[in-house]
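One structure is given below, encoded as structure tokens.
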Amino acid sequence: MPATHLSHPALPCGAAVLPGTGSDEVFARAVFAPALTTAGIAVAAPRPRAGAALVRESLAALDAFAAAASGPILVGGVSLGAQLAVEWALRNDTRCAGVLAVLPAWAGTPGDAPGAIAARTSADLIDREGLDRALTIATDGVPPWLAAELTRSWRRHGDGLAAGLRAAAAHPAPDLDALTRCRVPVGISACTDDPVHPVELARAWATALPDASLREMPLAAFGADPASAGRATIDAWREACRAR
């Protein structure tokens, strides 16, 4: 669809997208770039900074992209990236054309959210066993697409991986009360059978946000074609725009 058909008062001047915990910009681009490029929207997917500064540097990357843009931008991400995108949008609503949120993992403090537990457990495993052995354990029995993603992205994070996982697991997302104050349209996608990113949490986000739409899919469909989540999220964002 041509970019001029997008239902938003200001055409986004690009999109910046962030990966999830332990993931990388390669996967973020695979999720979002096909649909955004088709829409005529340039995509930036900054490489995450490994280590304890992961969250701070990810938010700084959104600041830098917005500062270089000539108008409002879309921000988005997967899991932690989705949460950071909403956090950024709450502070920068005049520079933000909307949020694309794939697989949000928690709202408010991480606590015992499955995604936070998984990140902390993975960090402990890496420290105890080393990266190679940790990857062997973490990828045992998981779908091939996930094993491939973990193998590539964990190795690219290198020595900073465990610290980055812990930084992500400790970082609070906007809570549901904060989400009610979001002034931009938000598209959300979630998988109905993903234990790490419960669909009930995505539904709670969609209910709390004033202008949001949610798309749901099976985890197998997401694994087979990560871009399907990007398409679904952008469709949801367009629907949220039309409802304003």
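Before moving on, here are some points about what is shown:
- Accessible carbon and sulfur surface of the range 88-215 relative to its total accessible area, %, 1.4 Å: 53
- The range 53-164: proportion of alpha-carbon pairs further apart than 24 angstrom, %: 36
- Built from the Cα atoms of the range 8-63, the convex hull projects on average onto 4.1 nm², one quarter of its surface area.
- Rotationally averaged projected area of the chain (alpha carbon convex hull; nm²): 11.4
- For the pair Arg47 and Val26 in one chain, pulling the backbone fully straight at 0.36 nm per residue adds 6.7 nm over the alpha carbon distance.
- For the chain, the relative contact order is 24 percent, taking Cα pairs closer than 8 Å that sit 6 or more residues apart in sequence and dividing their mean separation by the residue count.
- Using the alpha carbons alone, the radius of gyration of the range 166-244 stands to its Kirkwood radius in an Rg to Rh ratio of 0.99.
- Under the criterion of Cα pairs below 8 Å and six or more residues apart, the relative contact order for the range 44-123 equals 23 percent.
- Carbon and sulfur %, accessible surface of the range 15-75 computed with the full protein complex present, 1.4 Å: 57
- Relative contact order %, the range 71-113, counting alpha carbon pairs below 8 Å whose residues are six or more apart: 45
- Accessible area (Å², per residue) of the range 43-89, counting only protein heavy atoms and a probe of 1.4 Å: 33
- Take the range 148-208 with all the other protein chains still there, run a 1.4 Å probe, and you get 42 Å² of accessible area per residue.
The values are calculated or read from the model by the stated rules, or taken from the named source; none is laboratory data. These figures come from a predicted structure and were not determined experimentally. Ligands, DNA and RNA are excluded from the accessible area calculation, which covers all protein heavy atoms including side chains. Shrake-Rupley method; radii C 1.70, N 1.55, O 1.52, S 1.80 Å.
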